[in-house]
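Contents: one structure, followed by commentary.
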Amino acid sequence: MKLGFLGYGNLAMAIDAGIAKLGIIPAGDIFVCDSADTAVARARAAGHPVCGSAAELFYACDVVVILIKPKVFRELKAEFAALDTRGKRVVSCMAAVHTDELKGVFGCPVMRVMPTLASAGTADIIGHTPSRDFGDLLSVLGQLGDLLCLDEKQLDCLTVAASCGLGFAARIMEVYAGECEKIGFKPGEAEAITRSIFTYAAGGDFAGLASRVATKGGVTEAGLNTMDKDLRGALSAAFAAALEKAVPPKN
């Protein structure tokens, strides 16, 4: 399989890193097209052939993965619609661009996939729309994490829960480490404490662990009672704001 990345930003590099880590596809069989000089330099440094246009990328590859912003994709729709996509397949990692729109542009088999930066560590949750045409690619992605076959509504929700959620979790940990520093720990110590407790907490029953740690009338209970006033509301608002962006508006 000759795989093409249309766009070589953070997500493309994460997927690429996971593939390279496992040695699934040779670097020379992964082609890249990106208008940014820095992205091109990174792709070449990773051993990938670089294409100067989307037409060149489609000519060279069996499967092309779209990793550009939806706004840019829609600005270039006419250019994409003019491509020769006979015998090709298209995978979109774009949020809020549904398969009907993709099929209307490319006129070939399409599938939506929602990976996250965790692909780099082969520890991802990767959602995809149902398709019979991408078994070979799904076998590759399945080695980067757990696959979830979802309808498009749930795929949009996974964008929030997993892709955005990775950022939400990182922000919570960043703030937590900052609070550790405020009470006197050095930055390295604060980071080590944060990583250790979040790693342990992630391994089991969240509510049960909180109950076991929070002795009635103790210091943990005091902290949790105060935190709950704001944290639940803040996360709910964060999910709602992200979901509003992730779901395409109704025409």
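The values are calculated or read from the model by the stated rules, or taken from the named source; none is laboratory data. These figures come from a predicted structure and were not determined experimentally. Quick reminder, even Gly has a Cβ in these numbers, built from the backbone with ideal geometry, and neighbours come from all protein chains shown. Remember, those area values only see protein heavy atoms, side chains included, never the ligands or the DNA or RNA. Shrake-Rupley method; radii C 1.70, N 1.55, O 1.52, S 1.80 Å.
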Of all residues in region 57-76, count the ones that are open to solvent by 80 Å² or more (accessible area, probe 1.4 Å) and in contact with a Gly (Cβ under 9 Å, 6 or more places away or on another chain).
1
Filter region 1-51 down to residues that are surrounded by 14 or more Cβ atoms within 10 Å (Cβ to Cβ) and in a helix (DSSP H, G or I), then give me how many there are.
17
Regarding Ala54, is this residue surrounded by fewer than 22 Cβ atoms within 10 Å (Cβ to Cβ) and not polar (S, T, N, Q)?
yes
Looking at region 105-124, is at least one residue part of a strand (DSSP E or B), open to solvent by 50 Å² or more (accessible area, probe 1.4 Å), within 22 Å of Ala170 (Cβ to Cβ) and without any contact (Cβ under 8 Å) to a residue 60 or more places away in the chain?
no
Among the residues of region 127-145, what is the count of those that are buried (at least 18 other Cβ atoms within 10 Å of the Cβ) and either more than 21 Å from Val64 (Cα to Cα) or at pLDDT below 95 (or both)?
1
What's the total number of residues in region 58-83 that are out of contact with any helix residue (DSSP H, G or I) (no Cβ under 7 Å at 6 or more places or on another chain) and part of a loop (DSSP other than H, G, I, E, B)?
6
Given (1) crowded, with 19+ Cβ neighbours inside 10 Å; (2) in contact with a Lys or Arg (Cβ under 7 Å, 6 or more places away or on another chain); (3) not in a helix (DSSP H, G or I), where does Val90 come up short, assuming only one miss?
(2)
Name the residue that is most open to solvent (accessible area, probe 1.4 Å), counting only residues in region 77-87 that are under 21 Å from Tyr8 (Cα atoms) and among the charged types (D, E, K, R).
Glu79
